[in-house]
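Input: a single structure, listed below in structure tokens.
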Amino acid sequence: MNREFEPAGLRRRLAATAIDFVAVPTLALLIMLVTGVLEHADDFVGNQVVIKVVLLGISSYLILNGWLLFKRGQTLGKLMAGIRIVSNTTGGPAPLFRALLPRALFFPLLYLIVLPGPCLIPMLDLAFIFGKSRRTLHDRICQTSVVRV
């Protein structure tokens, strides 16, 4: 197999996931502190807190990774780990809707619908990474692969 299309190894995938797992919530927290979105105790009453938290998460994900995904097929973690997202059908850059939509919108919204989503869905998604192709559940849904740069 061409080195450009060699599937990303388990360590690189897990390192990229860990970096993104820390970076996105950190940025969301900074946005929350700067904007005061969830500053007062009243902000945590009712269902609006869930909507605000999801919107903060999606916003921070798009701010941190949107441009990188659009231009390079990488999140911050993937950039640092030397891997990128490619289309399974062409081997080239994944279309933006496949690289961005499930990662930024589908899974956060799915977390709200499926209980206990916040724990079960990420573990299920990541469990697929241990297969030979190293493709997570969202990679399979999006028809993408993550390869070494």
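The values are calculated or read from the model by the stated rules, or taken from the named source; none is laboratory data. The shown structure was predicted, so the numbers you read here are calculated from the model rather than taken from an experiment. Counting neighbours? That spans all protein chains shown, and the Cβs are built from the backbone with ideal geometry, glycine included.
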> When segment 97-148 is examined, which residues are found to be in a loop (DSSP other than H, G, I, E, B), at pLDDT 85 or above and closer than 23 Å to Ser60 by Cβ?
Replying inline: Thr136
> Can you find even one residue in segment 37-58 that is closer than 17 Å to Leu126 by Cα and polar (S, T, N, Q)?
Replying inline: no
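Yes/no matrix, rows are residues, columns are (1) assigned to a helix (DSSP H, G or I); (2) crowded, with 18+ Cβ neighbours inside 10 Å; (3) out of contact with any strand residue (DSSP E or B) (no Cβ under 8 Å at 6 or more places or on another chain):
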{"site": "Arg11", "(1), (2), (3)": "yes, no, yes"}
{"site": "Ala15", "(1), (2), (3)": "yes, yes, yes"}
{"site": "Val22", "(1), (2), (3)": "yes, no, yes"}
{"site": "Leu30", "(1), (2), (3)": "yes, no, yes"}
{"site": "Val37", "(1), (2), (3)": "no, no, yes"}
{"site": "Gly57", "(1), (2), (3)": "yes, yes, yes"}
{"site": "Ser60", "(1), (2), (3)": "yes, yes, yes"}
{"site": "Gly66", "(1), (2), (3)": "yes, no, yes"}
{"site": "Lys78", "(1), (2), (3)": "yes, yes, no"}
>> Quick check on Glu39: is it within 21 Å of Arg148 (Cβ to Cβ) and of a type in the set (Asp, Glu)?
In response: no
